[in-house]
Structure formats: structure tokens, C-alpha cells
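Notes to accompany the following structure.
The values are calculated or read from the model by the stated rules, or taken from the named source; none is laboratory data. This structure is a prediction, so every number in the text was calculated from the model and none was measured. We place every Cβ from the backbone using ideal geometry, glycine too, and count neighbours over all the protein chains shown.
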């Protein structure tokens with residue numbers, strides 16, 4: 001493994017009820033980069049992320065985080081891993097009974113022996129970072145979809161992790177909020193120098209923010225390269241995936257939008 005690798009998967013296989021999902025995944029994500037895993041629905045993208053934080057364990061293979069093998073760690077040992085690697089879930093996974101402040105403060109109260117003043121200061125910093133100053137007293141039910149996603153990101157950065165995993169971060173959002181979340185991910189990577197690993201099928205998000213891109217198909221990484229190289233790749237699987245996603249996006253666009261873009 002490269003000395004700069006933040007996360008590595010070596011020959012990872014995983015099946016559910018004898019149905020194979022990962023069939024020997026090999027990938028290495030360098031520290032400080034924004035790395036996106038593309039793939040169709042049900043291809044195993046989220047399964048990859050869950051292995052990186054120990055929520056799932058491989059049937060075979062190894063997962064290393066900052067050079068440390070995590071596949072055999074106990075649940076208590078994984079707690080330490082999860083203070084350095086955080087995950088922003090597709091649904092944001094906020095606690096409905098807690099305010100925005102309570103949600104962002106939760107990992108601090110669980111993992112830091114801080115005074116309430118220190119917690120308040122850190123929560124304020126995190127909410128400012130995602131553009132939600134003044135939202136501390138709101139309940140999740142009062143938030144828009146885009147705001148919920150941003151609160152999830154604020155909670156994800158609370159412990160100052162080295163790596164942040166994003167599971168379909170823009171699913172269900174309108175184009176303006178999709179762009180806002182993409183800009184947020186990129187700005188956090190640039191300002192905090194965190195490693196960002198994203199799974200998505202959103203091509204615009206992927207190519208706008210990624211340093212490198214990998215395509216997951218049939219349980220394996222079939223292609224990997226820089227954002228530009230992948231956009232112009234002649235690899236048949238990459239061309240097929242990009243063409244299919246472009247066609248899906250055009251079909252889903254309102255008629256007026258298709259006419260404006262000449263499609």
C-alpha cells in the first residue's frame with residue numbers, strides 16, 4: 001500500500017444470502033484526495049463504504065484504514081476507527097428527537113470529555129462550515145432535504161475526522177441543492193484537507209468535485225483514473241455507464257429543460 005493511502009480494499013468479497021455483491025474489490029484512496037465510486041443501482045457502492053468504517057465485514061479480503069487492518073477488530077476497537085473516519089448517510093440519519101444542535105453535538109458528547117462551552121463552540125464552527133448559522137434550535141422535521149444533508153455533514157466533521165465517507169449525498173435534492181452539497185464537499189476537502197470518498201450515480205457531482213473516479217461493475221472495480229481521464233475513457237464499461245446515465249438524466253429532466261439544452 002502507498003504510504004499516502006487513507007483507505008485500501010484488497011480482494012474484498014461480500015455476499016448476502018449467497019448472492020454475491022462484491023467479488024474481489026481492489027482500490028486505494030490517497031490521503032487528502034476526493035475519490036468517487038460510480039456504479040449503477042445495486043452495484044455495491046454503499047456496501048464498499050460500510051466496509052471502510054467497519055459496519056460490514058468482508059467474507060474474504062482485507063480493509064485497511066491509514067495502514068491499519070480493521071477487518072478483525074472488535075466493536076470496541078472500531079470505535080477508535082470511527083473517530084477518524086466518519087460517514088454521512090444517504091438519509092442524513094438525524095435523530096428526530098434532537099435539535100440541530102443536539103445532532104451535531106452528539107458525537108462530541110460521546111467521544112470527547114469536553115465542557116459544554118467547548119461543545120457549543122465546536123457545534124457553532126461546524127454549522128458555520130456548512131452554512132447553517134443560527135439553525136441550532138430547529139428540529140429535523142423543520143428542515144428541508146438540503147438542510148438535513150448539511151446537518152449530516154456538520155455532524156460528520158464534528159470530530160475532525162481524517163476521512164469522510166458520503167453515501168449518495170445528493171439523492172433526492174433539486175439541482176441547486178445538489179450543486180451546493182458538491183461545493184460543500186469540495187470546500188471541506190480543500191480547507192480541512194480531509195480525504196473524501198463518495199459513492200454516487202450523479203455524473204455532474206462526480207466530475208465537478210473528484211480527483212479520481214472508479215467504476216464498480218459486477219462486484220469489481222473495472223476502471224479507475226483521474227476525473228478527466230474517466231470522462232473521456234474508451235473503456236467499454238465506462239462508455240456504457242456514462243451513456244446510460246446521461247440518457248437517464250435527460251429522460252428525467254422536465255421537457256422545458258430538455259428543449260433549452262437542445263435535447
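Tabulated values for the structure
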| read-out | value |
| --- | --- |
| Residue that is farthest from residue 14 (Cα to Cα) [pool: residues in segment 51-60 that are out of contact with any helix residue (DSSP H, G or I) (no Cβ under 9 Å at 6 or more places or on another chain) and surrounded by 16 or more Cβ atoms within 10 Å (Cβ to Cβ)] | 52 |
| Residue 230 being part of a helix (DSSP H, G or I) and modelled with pLDDT of 95 or more | yes |
| Only listed residue being closer than 20 Å to residue 196 by Cβ, buried (at least 16 other Cβ atoms within 10 Å of the Cβ), free of Cβ contacts under 8 Å to residues at least 40 places away in the same chain and under 22 Å from the mean Cα position of the chain (by Cα), chosen from 82, 68 | 82 |
| Residues of segment 61-92 satisfying the condition of being assigned to a strand (DSSP E or B) and either in contact with a helix residue (DSSP H, G or I) (Cβ under 6 Å, 6 or more places away or on another chain) or at negative phi (or both) | 62, 63, 64, 65, 68, 69, 85, 86, 87, 88 |
| Leading residue by the ranking (surrounded by the fewest Cβ atoms within 10 Å (Cβ to Cβ)) among those in segment 143-171 that are farther than 24 Å from residue 79 by Cα and touching a strand residue (DSSP E or B) at 6+ places or on another chain (Cβ under 9 Å) | 171 |
| The listed residue being at negative phi, in a loop (DSSP other than H, G, I, E, B) and over 23 Å from the mean Cα position of the chain (by Cα), out of 138, 159, 132 | 138 |
| Qualifying positions in segment 172-185 - out of contact with any strand residue (DSSP E or B) (no Cβ under 7 Å at 6 or more places or on another chain) and either closer than 30 Å to residue 113 by Cα or assigned to a helix (DSSP H, G or I) (or both) | 175, 176, 177, 178, 179, 180, 181, 182, 183, 184 |
| Leading residue by the ranking (nearest to residue 157 (Cα to Cα)) among those in segment 99-114 that are outside any helix (DSSP H, G or I), modelled with pLDDT under 95 and out of contact with any helix residue (DSSP H, G or I) (no Cβ under 7 Å at 6 or more places or on another chain) | 112 |
| Selected residue (criterion: surrounded by the fewest Cβ atoms within 10 Å (Cβ to Cβ)) from residues of segment 206-226 that are farther than 21 Å from residue 50 by Cα and in contact (Cβ under 8 Å) with a residue 40 or more places away in the chain | 211 |
| Residue within segment 181-200 that is more than 15 Å from residue 34 (Cβ to Cβ), touching a helix residue (DSSP H, G or I) at 6+ places or on another chain (Cβ under 9 Å) and touching a residue at least 24 places away in the same chain (Cβ under 8 Å) present | no |
| Residue in segment 26-37 that is in contact (Cβ under 8 Å) with a residue 40 or more places away in the chain, out of contact with any helix residue (DSSP H, G or I) (no Cβ under 7 Å at 6 or more places or on another chain) and farther than 24 Å from residue 192 by Cβ present | yes |
| So residue 95, is it outside any strand (DSSP E or B), surrounded by fewer than 16 Cβ atoms within 10 Å (Cβ to Cβ) and in contact (Cβ under 8 Å) with a residue 24 or more places away in the chain | yes |
| Any hit, segment 149-156, residues being in a loop (DSSP other than H, G, I, E, B) and on the phi < 0 side of the Ramachandran plot | no |
| Complete set of residues in segment 40-60 that are part of a loop (DSSP other than H, G, I, E, B) and at negative phi | 40, 41, 43, 53, 55, 56, 57, 58, 59 |
